[in-house]
1. Using a Cα-Cα cut-off of under 30 Å, which lysines could be cross-linked to residue 5, ignoring same-chain neighbours fewer than 8 residues away?
2. Provide, as a two-decimal number, the C-alpha radius of gyration of the chain over 2.2 N^0.38 Å, N being how many residues it has.
3. Roughly speaking, what is the stretch gain from residue 291 to residue 213, that is 0.36 nm per residue apart minus the C-alpha to C-alpha distance, in nm to one decimal?
4. With everything on Cα atoms, drop me the angle between helix 87-98 and the longest principal axis of the chain, reported from 0 to 90° to the nearest 10.
5. To the nearest 10 degrees, how steeply does helix 328-339 sit against the main Cα axis of the chain, on a 0 to 90 scale?
6. Using alpha carbons only, how many degrees (0 to 90, rounded to 10) separate the axis of helix 204-214 from the longest principal axis of the chain?
7. Let me know the volume per residue of the alpha-carbon convex hull for segment 118-165, in Å³.
8. If the cut-off is a Cα-Cα distance under 17 Å, which aspartates and glutamates reach residue 322, setting aside same-chain residues fewer than 8 apart in sequence?
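The values are calculated or read from the model by the stated rules, or taken from the named source; none is laboratory data. Everything numeric here is computed off the predicted structure, so don't read it as measured data. To get the accessible areas, we keep the full protein, side chains included, count just its heavy atoms, and leave off ligands, DNA and RNA. Shrake-Rupley method; radii C 1.70, N 1.55, O 1.52, S 1.80 Å.
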Amino acid sequence: MAGLKLLVVSTPMGPLGQGLGGGVELTLEAVLRGLIQCGHQLSLVAAEGSALKLPELQQLWLEPGVPQPSWQHQPRQAPVQIPANGLLPRFWQRAQAVQHHFDAVLNLGYDWLPFWLTASFTTPLFHLVSMGSVSDAMDAVIEATAAAFPQRLAFHTATQAGDFSLPAAPILVANGFDFSRYNFCATPQRQLGWVGRIAPEKGLEDAAQAAAALGWPLRIWGLREDEDYAAAVERSVPAGTLDWRGFLPTDQLQAELGRCAALLNTPKWNEAFGNVVVEAMACGVPVVAYRRGGPAELIDEGTTGWLAAVDQPQALIELLPKAFSLDRSACRARAQQRFGLEAFASRLQGWLQQPG
Ligand code: UDP
């Protein structure tokens, strides 16, 4: 199969490397790295100031501009907003101007404009949808794009795709991870882990409650998006339960995360995928998660973790000892088989190279 010339357009949430783009930042790296390893030629449009360990690209356009507000933290009925001097129109102006050099353009932003542009691009424009349903305006544009170009949209998980009315069975590509960046840790310490943006939809309070009941410390990694929420979670458990580690680059994050006996993953929303679930498994750390959203599709119960009844910290507490007794090397091996770069790139190729 001949190499594709592919232009990837990043998230306009801000420069890469600071956690502003959430899981999309890691997805972007995996898309680039995985497809380059398969012999394709990749170029990227991203925000100025991005600091990511990117693989060798054919071309890199770094655009200045004002970050796009996240759809996730707006009311469902909110209208489409684009700030003055926004990154989003800059990105798409660039993509439009250079599209004829490429076989395909791949959008990683969860934004109205790129979906709406699909019909007007002369080079096929594909979209990897990174969230479930959070906004009426986004639902409408995603569903209209799917109706007109059913092959151009892919989703991370079936649960996520299930949020939308689609004309045909969804194309599912899961996500990919470079396992060489995650070291296996065979000997955990007496500590639990939790990773994610510190925001209400991530449900940190339930993990905190489970850790407090067990009397184990909970190490927390992630961007403090909502300080009031973080303070409320801190107050909800005995002092010393929570250990805030901040937002760390992947290399440091994995080194610390690997020492946890288990990861708790407790989202309150329909998480599209849940990168952190796979990142923990890659270090050999079993995961106890609520049976909801993407994470419920990522865990192979009895091998990489266990699933608890939703919104019940007590169920988490009961499953933790079962997680501690799982074989950590089997946990990593299973995760690599499903979510390694090779598996991911092969799913992406299958999608991007089909006609239509
Ligand atoms: N992350 C990180 N350092 C940290 C905490 C989190 O790099 O200290 C990254 C993590 O690797 C993951 C992302 O933040 O890729 C969170 O993605 P996830 O899919 O779990 O949730 P999202 O933020 O997209 O809702």
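1. Straight-distance partners of residue 5: 53.
2. Numbers: Rg = 19.8 Å, N = 356, 2.2 N^0.38 = 20.5 Å.
The chain yields a ratio of 0.97.
3. Result: 26.0 nm gained on full extension.
4. The helix 87-98 is inclined about 40 degrees to the chain.
5. For 328-339 against the chain, the angle is about 20 degrees.
6. 20
7. Hull volume normalised by residue count: 71 Å³.
8. 300, 301
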